[in-house]
Amino acid sequence: MRKSILGYFMTVLMTALLLCSLFFYQAMDHVILSITKKDMQILMSQVHQDITHQGWQYLKETWQQDDIRLTIFDLSGDILMDSIYDPSDIVEEDCQEVQHALKLGQGYTQRYSASMEQTMLYFTYYDQDLSIVVRLGLPRLTLRNYHWQLVPSVLLSGAMALAIAWILSRRFARSISQPLNEIADEMIKLEQHVYDLDFKTYSYEELQRITQATRSLSQSLASYIAQLEREKKIRQTFFANASHELKTPLTSIQGYAELLENGLLEDESLRKEALQHLKKETKNMSHLIRDILMISQLEAKDVKVTLEDIGCYLFLKETVDDFQTLAHQHRVTLHWQCEQSIHVWMSRDHLRSLVHNLLANAIKYNHEEGNVYMDAYVKDQSFILSIEDDGLGIPLKDQSHIFERFYRVDKGRSKKVGGTGLGLSIVKHIVHYYNGTIHLTSEENIGTKMTVILPVIQKGDDIS
Ligand code: ADP
């Protein structure tokens, strides 16, 4: 990059120098011509005075200027006097300037003179009183005539300009390439997972923008990587917990299976008990697998979810009917109410899982003769579902954790009632999927109330 900046600079400079010289040459030529013309006018006025006072014949003797040719013509164009040649020797070239002067009074002409063997500038003047045409002739000087005086200074100034440009362009190239190298060195640190980049302050605004953009990019990258790490950790913990949760029922199933296989359970009632255990453990396992699948589906945001219009009243009525057996087992009474007209636009699986988990918890973590109250209504553009029980309640210290995966307040009790520890985590995921919120109020031995608030979604609305 430095080399190309240098090359670019030098090319620009050379072009500028060449163009400058060209324009200078033209301008100087013009200046020389106008100075010469002015000089000739002054000289001519002197000549005119001398002729008027002393006659042109007198000039023949007195004319001293070697480099200026003075010629006097009669009106027919014949030479009466010439300061350099004898009139009889001159084979005068086509003197258009005489015709010009006769026509216009005076004027300049530039042409090649065969007798002088060079290009001449003539100033010709028609003296009407004396009936003569006076002509002053000077070699036409151009800048070329001063070449040898000019060449050394042109070369010297050119060389100096090149040297200064070389030094300045090197400095300029360095002032750009060095910061870029420093920025690149800092950015390479990202490869070593160093995200806290330390850039200098640069005077160029563009470089400042690069460092600012890179710094904010590296910060977002750091957050992103941290988020990935966090998610990785959560996944690892989840899989470790899930494997652990699966291992326990599997070991139990294996144990009972071996007992049955080896015929160690001779008693019919023991065999029946073992089979019941096997049934219970497999049921637990299938619930666990169902919940794990549900969680991973909710987390994989690209999984297609089919939304549908669900009439809440009928849906809750069927759900309560399904739960009557469980409620009966736990000697808990279910109470519920729902406005007939309520319709929600959501996935039936999601709504089922949401209501099932909350209702099951309210029944399972209750005591005999307990009550569960379910209420569904629409308020302020939100669908509200509250499930309240007068059961065991949740200790304050556990309340902030119960939505975590596999978190159980009382592990023994949860397992006994067939809990997987994933129910509320699933509920939280579903609520978030619909941009809703869930609120918990609970007091130990008094009861628990879960309130889900979901924004009412109409058919065709986008959930983002
Ligand atoms: P689980 O499968 O163990 O029921 P959840 O995620 O559904 O898992 O609930 C987490 C824990 O929160 C439960 O183990 C239970 O201790 C507690 N919990 C949930 N709902 C209630 C409730 N209504 N009353 C008392 N405790 C509850």
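The values are calculated or read from the model by the stated rules, or taken from the named source; none is laboratory data. Remember, it's a predicted structure, so these values are computed and weren't measured experimentally. Cβ coordinates were reconstructed from backbone atoms using ideal geometry, including for glycine residues, and neighbour counts include every protein chain displayed. Heavy atoms of the whole protein, side chains included, go into the accessibility calculation; ligands, DNA and RNA do not. Shrake-Rupley method; radii C 1.70, N 1.55, O 1.52, S 1.80 Å.
Kindly indicate the residue of region 199-214 that is surrounded by 16 or more Cβ atoms within 10 Å (Cβ to Cβ) and assigned to a helix (DSSP H, G or I) and also farthest from the chain's Cα centre (by Cα) among those meeting that condition.
The residue in question is Leu207.
The residues listed here are Ser400, Ser382; of these, the one that is of a type in the set (Ser, Thr, Tyr), in the same structural domain as Leu454 (by TED's automatic domain parsing) and under 23 Å from Gly311 (Cβ atoms) is Ser382. Contact annotation: residue pairs with Cβ atoms under 7 Å, 6 or more positions apart or on different chains, pairing a residue in region 69-82 that is closer than 23 Å to Gln41 by Cβ with a partner that is charged (D, E, K, R) and outside any strand (DSSP E or B), are Ile79/Glu92; Met81/Lys60. Restricting attention to region 390-423, the residues that are outside any loop (DSSP other than H, G, I, E, B), within 6 Å of the ligand (Cβ to nearest atom) and more than 50 Å from the chain's Cα centre (by Cα) total 1. Of the strands (runs of 3 or more DSSP E) lying entirely inside region 86-161, the ones with 1 or more residues being in the same structural domain as Leu43 (by TED's automatic domain parsing), β-branched (Val, Ile, Thr) and in contact (Cβ under 8 Å) with a residue 24 or more places away in the chain are found at 118-127, 132-139.
Note on region 425-446: among residues that are open to solvent by less than 20 Å² (accessible area, probe 1.4 Å) and under 29 Å from Met285 (Cα atoms), the one that is farthest from the ligand (Cβ to nearest atom) is Tyr434.
Residues in region 351-389 that are under 52 Å from the mean Cα position of the chain (by Cα) and either assigned to a helix (DSSP H, G or I) or closer than 19 Å to Lys416 by Cβ (or both): Leu351, Arg352, Ser353, Leu354, Val355, His356, Asn357, Leu358, Leu359, Ala360, Asn361. Tallying residues that are farther than 21 Å from Met1 by Cα and open to solvent by less than 100 Å² (accessible area, probe 1.4 Å) within region 163-198 yields 5.
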